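The values are calculated or read from the model by the stated rules, or taken from the named source; none is laboratory data. The structure presented is a predicted model; accordingly, all values stated were derived computationally and were not measured. Ideal geometry is used to build each Cβ from the backbone, glycine not excepted, and the neighbour counts take in all protein chains shown.
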Amino acid sequence: MPHILVEYDEALQGSFDRRRFALELHSLAAKTVDGITVESCKTRFRCVDEAVIAHGEPEQALIHVEFAILPGRTAEAKSALSQAVLGLVRSHTASVPGTTVHASVDVRDLGAAYRKHVAPATPGASGAL
């Protein structure tokens, strides 16, 4: 926790530094919401082959961040996180020439059935078959 999914339009592929964005996002989340640590953040990226926005005009791109956190945070904390993440998204997508970027963020609670397990690395295992 948190689980973060970033879906972005293929039009952003060449100008969106996903790793740098994720590292800054993890730090931002830890600073913004009590109980979130950088070590607990997990971000996945999904490039969308095609996104059609409004009437399908060219030079439009989409990026959406889903932020799933453990329940118990106030609406104010979720709103602050959402606003901060949106600012970070905007700063990372501002340099896309000739493209209008539609950015959005959704902060939601993980369900009551959410469970996790972290299996530590086995000493000496190389992963080779």
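For this structure, a couple of remarks:
- Residue that is modelled with the highest pLDDT, among those in the range 35-81 that are surrounded by 10 or more Cβ atoms within 10 Å (Cβ to Cβ) and of a type in the set (Asp, Glu): GLU66
- Residues that are among the β-branched types (Val, Ile, Thr) and over 18 Å from LEU23 (Cα atoms) do occur in the range 65-78.
- Residues that are closer than 26 Å to LYS116 by Cα and not aliphatic (A, V, I, L, M), drawn from the range 52-95: HIS64, GLU66, PHE67, PRO71, GLY72, ARG73, THR74, LYS78, SER79, SER82
- Going through (1) modelled with pLDDT of 95 or more; (2) surrounded by fewer than 14 Cβ atoms within 10 Å (Cβ to Cβ) one by one, LEU5 falls short only on (2).
- Once the range 90-127 is narrowed to residues that are surrounded by 10 or more Cβ atoms within 10 Å (Cβ to Cβ), out of contact with any Lys or Arg (no Cβ under 6 Å at 6 or more places or on another chain) and β-branched (Val, Ile, Thr), the residue that is farthest from ALA61 (Cα to Cα) is VAL105.
- For ARG73, the conditions (1) over 20 Å from GLU24 (Cβ atoms); (2) of a type in the set (D, E, K, R); (3) within 16 Å of the chain's Cα centre (by Cα) are fulfilled apart from (3).
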